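The values are calculated or read from the model by the stated rules, or taken from the named source; none is laboratory data. Computed from a prediction, not measured in an experiment: that's the story for all the values here. Positions of Cβ are backbone-derived with ideal geometry, glycine not excepted, and every protein chain shown enters the neighbour counts. The area values use the complete protein model at the heavy-atom level, side chains included, leaving out ligands, DNA and RNA. Shrake-Rupley method; radii C 1.70, N 1.55, O 1.52, S 1.80 Å.
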Amino acid sequence: MKNLLFSMLLLSFLFFLANQGEAAVPCNTVDAKAAACVGFATGKATKPSAECCTGLQQLAQTVKSVDDKKAICRCLKAAAKSLGIQDKFLSKIPQACNINVGFPVSINTNCETIH
């Protein structure tokens with residue numbers, strides 16, 4: 001009986017570990033990588049800077065899962081609200097920086113539906 005209980009506990013623990021991925025990308029990382037994009041995204045610059053594109057390309061390389069995409073989306077949306085980001089500029093950044101994010105970039109994007 002003890003062996004059965006121990007086996008079940010061990011299997012439960014292994015199942016738990018198998019379902020634990022790395023933590024999603026933290027907002028401070030997202031904010032740091034996207035900070036140079038604020039000028040363009042608020043309409044104060046005519047195009048995204050090289051630093052903006054480099055930061056976003058580096059951020060895109062950190063994506064390992066759908067949860068990472070969702071976390072990045074949530075972080076960007078939270079920052080957009082407080083910074084006065086304009087959707088008409090924000091939506092142009094992926095193409096201008098030659099980045100395929102795999103979902104529409106908009107302040108109205110539902111981050112929970114990203115896959």
- Close pairs (7 angstrom Cβ cut-off, 6 or more residues apart or separate chains): under 19 Å from residue 27 (Cα atoms) in the stretch 75-96, open to solvent by less than 90 Å² (accessible area, probe 1.4 Å) and hydroxyl-bearing (Ser, Thr, Tyr) anywhere: 83/42; 84/42; 85/42; 90/106
- Selection status of residue 42, open to solvent by 40 Å² or more (accessible area, probe 1.4 Å) and at pLDDT 95 or above: no
- Message: So residue 83 ticks every box in (1) surrounded by fewer than 20 Cβ atoms within 10 Å (Cβ to Cβ); (2) modelled with pLDDT of 95 or more but one. Which box is left unticked?
- Response: (2)
- Confirm whether residue 57 is within 21 Å of residue 24 (Cα to Cα) and either open to solvent by 30 Å² or more (accessible area, probe 1.4 Å) or modelled with pLDDT under 90 (or both). yes
